[in-house]
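Enquirer: Could you have a look at this structure, given as structure tokens, before my questions?
The values are calculated or read from the model by the stated rules, or taken from the named source; none is laboratory data. This one's a predicted model, so the numbers in the text were calculated from it and none came from an experiment. Positions of Cβ are backbone-derived with ideal geometry, glycine not excepted, and every protein chain shown enters the neighbour counts.
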Amino acid sequence: MASVSTAYTWNTPLKYLKGLGPRRAEILQKEANLATCGDLLEYYPRKYLDYTRVTPIAQALLEQEQVFRGRLGAFRVRISPKRNASILTTTLYDGTAWMELIWYHHWHWVQEQFTENQHVLVIGKPTYKGNTLQLSHPEILPLRSDTDIQKLLAVYPVYPLTEGLRKAGLTHKRFRMIFQELFQHAHFELNDPIPTAIRDRYNLMEVREAYRAMHLPTSLEEANQAARRFKFQEFFLLQVLLAQRKRLLKSEYTAPAFTQVGPLVEVFYHKHLPFALTEAQKRVIREIRRDMGQAVPMNRLIQGDVGSGKTIVALFAALIAVGNGYQVALMAPTEVLAEQHARAFRQWLAPMGIAVGLLTGGLPAAQRKRILTQLESGELPIIIGTHALFQENVRYARLGLTIIDEQHKFGVRQRALLWEKAHPHRPHNLLMTATPIPRTLALSLYGDVDVSIIDELPPGRQPIKTSVYAYHQRQQAWRLLAEELQKGRQAYIIYPLVEESEKLDLQAVEVGYQEIQKAFPHYKVGMIHGKMSSERKEHEMARFKSGQTQILVGTTVIEVGVDVPNATVLIVEHADRFGLSQLHQLRGRVGRGKHASYAIFIASRDLSEQAMERLRALQSYQDGFRISEIDLKLRGPGDFLGTKQSGLPEFRIADIVEDGEILRAAREAAFTLIEEDPHLQAHPALQTYLHHYIKQYGLEFFTT
Ligand code: ADP
Ligand code: MG
């Protein structure tokens, strides 16, 4: 029996771990933020090296790490004149062939610990030097008996080693010894957060066994099983929270039930609808109608590619709420977009005498005050704005519906804020996005939301002809631009704007603006960027929209939702500085009318062929979902979403792109579990674990 003093618990500080020692413990703390034995257990290996097999030297593969076994030849030291240093060489012979082992520096230990004729294991990547097979700086292990081999031939986890860890001798061999010590004397109170029934059903390792298999695997297969279990666990915890939240929203909160569609929808549909709705639009409107007919708050996300016609769908939702005597707040991420929505809504609703207010940061105080009063009295049925809408002093008389456009720009936390404006009910909630989100990411990010997809464009749209040009091919873009202008069309030219180099970028816009003016003296050129006042921006947009300017040079403030059917050319400079999904969104600024449209992405000077290839995905695909998947793969979820505020906890071992299948299984398990046991009364271990998880990732907003 292990004595009490050598029993390690989850919280035992690492300095008490035998074989590690206080100095290395300190380095582990500093370099990898590991303080306790529990932390060490959760230190996931980056990959595994399968050293269970010895390769005969005659069958060695080049450039691949392999294990060899043989006897050492004589040691030779010689001076390399090129390096001005002494070099150690010896040979390894295993009966099939021989190879050279070579050390260029720090080799004294080799000479001290090994002798000619000694039986050893050697690990390294062979290369050819002339005709000689060579291993440089191999790992070398003495073999005294056959049991040695059994111990040494193993699957080694490879941990994310920093230079500091390496210097402290924390190699994978050392980690292996440490874990052997830890598991031999471990006294953990580990209750598995994944219920037994779920483990059985999905064939998952028990938690303690999984920790052992992860750090001391007997085979690669076992290591993979352990990894699968922890991936499942990561997804499962988040999905349990999402399932609980979805249930909470539906069971603890009430919304006004709009059992009748109301008079306004009928009037609009029959008298003022400017075009026939697509089947996809009709389907989504029906889904919204059904949701809003219930006394349970709707929480629905509409995903639809740029130009798929989400705005009119939002209008129908608004008409249901207003027709039932409630107010509607529509929030957009930028002023330009809020203004455009207001314009569209006013144009559609003016004939029906329904007022639409606009609330943005730049509003004069008097006007702002009037709007706030009208909202509080209930006089104003529809308000459209930026995040100004959820500021503290904004109060609503009867908020029945919130609509959030391009909602991924706001993040999960902010989704909740607008909600809290309604009383005594919660409002119905409609989210819209033109950035199609790959299914797996959507399940994590919006796992508590119902999703509708508009997968059909209004009739008559033509595919946008897309070209990717190297920097020196830009003249071709201008030639096309000239042709289109001649036909009476209009064009956008877009420059990237990223915060760190904002000044430089603005300069690029201004230089581009002058360049274009010079090159196209017979046309009027406008400019728009985020540093302008909202009146200036509004003015520039209006001039472009009415055709007073033919070319609009700007930054991504014209990114989302801007609608000018006569614009047929989009040129993006330094296209490589945008994500693919964003470029696809930008592309949606054209192709909104009946004319053929063109998107031209110009690469920065000297862009690598690989980066060019990435851009060419836009030539191959017009489907936003497809592009978003490629984009997510290339950039990972953090950059893909463009904000660390997305509210998504970090996955430490699971990969949202690669592990879609595990995610789906974990989601199914979590939702079934919450249906059966909403408060996890029969699962105290999971409860405790979730509690820590929420704290660790700051997910408290999930539970309110
Ligand atoms: P997005 O989904 O990108 O927000 P919009 O709602 O701005 O798209 O719609 C793009 C354009 O298509 C607008 O000019 C809109 O009036 C028009 N539109 C929307 N639905 C239809 C339809 N069913 N038939 C014809 N045009 C439509
Ligand atoms: Mg839109």
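Enquirer: Looking only at the stretch 298-318, which residues are within 15 Å of ligand 1 (Cβ to nearest atom) and hydrophobic (A, V, I, L, M, F, W, C)?
Expert: Result: LEU301, ILE302, VAL306, ILE312, VAL313, ALA314, LEU315, PHE316, ALA317, ALA318.
Enquirer: Could you tell me how many of the residues in the stretch 196-215 are closer than 17 Å to TYR43 by Cβ and free of Cβ contacts under 8 Å to residues at least 60 places away in the same chain?
Expert: Going through the stretch 196-215 one residue at a time, the tally reaches 5.
Enquirer: If ASP450 satisfies all but one of (1) touching a Lys or Arg at 6+ places or on another chain (Cβ under 9 Å); (2) on the phi < 0 side of the Ramachandran plot; (3) surrounded by fewer than 17 Cβ atoms within 10 Å (Cβ to Cβ); (4) at pLDDT below 85, what's the number of the condition it fails?
Expert: Result: ASP450 passes all but (4).
Enquirer: Here's something else I'd like to know. Show me the strands (runs of 3 or more DSSP E) found entirely inside the stretch 1-80 where at least 3 residues are within 22 Å of MET177 (Cβ to Cβ) and among the polar types (S, T, N, Q).
Expert: none
Enquirer: Take the residues of the stretch 325-348 that are hydrophobic (A, V, I, L, M, F, W, C) and touching a Pro at 6+ places or on another chain (Cβ under 9 Å): which is surrounded by the fewest Cβ atoms within 10 Å (Cβ to Cβ)?
Expert: Checking each candidate, the answer is TRP348.
Enquirer: Which of the residues belonging to the stretch 685-701 are exposed (fewer than 14 other Cβ atoms within 10 Å of the Cβ) and free of Cβ contacts under 8 Å to residues at least 60 places away in the same chain?
Expert: HIS691, HIS692, LYS695, GLN696, GLY698, GLU700 - these are the residues of the stretch 685-701 that are exposed (fewer than 14 other Cβ atoms within 10 Å of the Cβ) and free of Cβ contacts under 8 Å to residues at least 60 places away in the same chain.
Enquirer: I'd like the full set of residues that are of a type in the set (D, E, K, R) and in a helix (DSSP H, G or I), limited to the stretch 656-691.
Expert: Matches in the stretch 656-691: GLU661, ARG664, ARG667, GLU668, GLU675, GLU676.
Enquirer: Something else: For the stretch 277-328, which positions are under 22 Å from VAL394 (Cα atoms) and hydroxyl-bearing (Ser, Thr, Tyr)?
Expert: TYR326
Enquirer: Check every one of the helices (runs of 4 or more DSSP H) wholly within the stretch 111-230 and list those with 3 or more residues that are surrounded by 13 or more Cβ atoms within 10 Å (Cβ to Cβ) and at pLDDT 90 or above.
Expert: 172-184, 196-202, 207-215
Enquirer: Determine whether the stretch 385-397 contains at least one residue that is among the charged types (D, E, K, R), buried (at least 21 other Cβ atoms within 10 Å of the Cβ), at pLDDT below 90 and away from ligand 1 (no atom under 16 Å from the Cβ).
Expert: No, the conditions are met nowhere in the stretch 385-397.
Enquirer: Within the stretch 565-585, count every residue that is surrounded by fewer than 23 Cβ atoms within 10 Å (Cβ to Cβ) and either of a type in the set (Ser, Thr, Tyr) or over 16 Å from ARG461 (Cα atoms) (or both).
Expert: Adding up the residues that qualify gives 7.
Enquirer: Follow-up. Only one residue in ALA477, ALA491 is more than 16 Å from ligand 2 (Cβ to nearest atom), of a type outside the set (D, E, K, R), part of a helix (DSSP H, G or I) and at pLDDT 85 or above, so which one is that?
Expert: After ruling out the rest, the residue left standing is ALA477.
Enquirer: Do you know which of the residues in the stretch 290-317 that are among the hydrophobic types (A, V, I, L, M, F, W, C) and over 20 Å from PRO458 (Cβ atoms) is surrounded by the fewest Cβ atoms within 10 Å (Cβ to Cβ)?
Expert: The residue in question is ALA295.
Enquirer: Additional query: Just to verify a result, which residue in the stretch 428-474, among those that are in a strand (DSSP E or B) and of a type in the set (S, T, N, Q), is farthest from ASP631 (Cα to Cα)?
Expert: If we take residues in the stretch 428-474 being in a strand (DSSP E or B) and of a type in the set (S, T, N, Q), then ASN429 is farthest from ASP631 (Cα to Cα).
Enquirer: Which ones in the stretch 349-359 are within 25 Å of MET532 (Cα to Cα) and either exposed (fewer than 13 other Cβ atoms within 10 Å of the Cβ) or out of contact with any Leu (no Cβ under 9 Å at 6 or more places or on another chain) (or both)?
Expert: Across the stretch 349-359, the qualifying residue is only LEU358.
Enquirer: So which of LEU92, LEU88 is modelled with pLDDT of 90 or more, of a type outside the set (Asp, Glu) and either within 17 Å of TYR51 (Cβ to Cβ) or out of contact with any strand residue (DSSP E or B) (no Cβ under 8 Å at 6 or more places or on another chain) (or both)?
Expert: Answer to the selection: LEU92.
Enquirer: Identify all residues within the stretch 67-96 that are more than 18 Å from GLN118 (Cα to Cα) and not β-branched (Val, Ile, Thr); write none if there are none.
Expert: ARG78, SER80, PRO81, LYS82, ARG83, ASN84, ALA85, SER86 - these are the residues of the stretch 67-96 that are more than 18 Å from GLN118 (Cα to Cα) and not β-branched (Val, Ile, Thr).
Enquirer: What about VAL572, is it in contact with a Leu (Cβ under 8 Å, 6 or more places away or on another chain), more than 16 Å from ligand 1 (Cβ to nearest atom) and at pLDDT 90 or above?
Expert: yes
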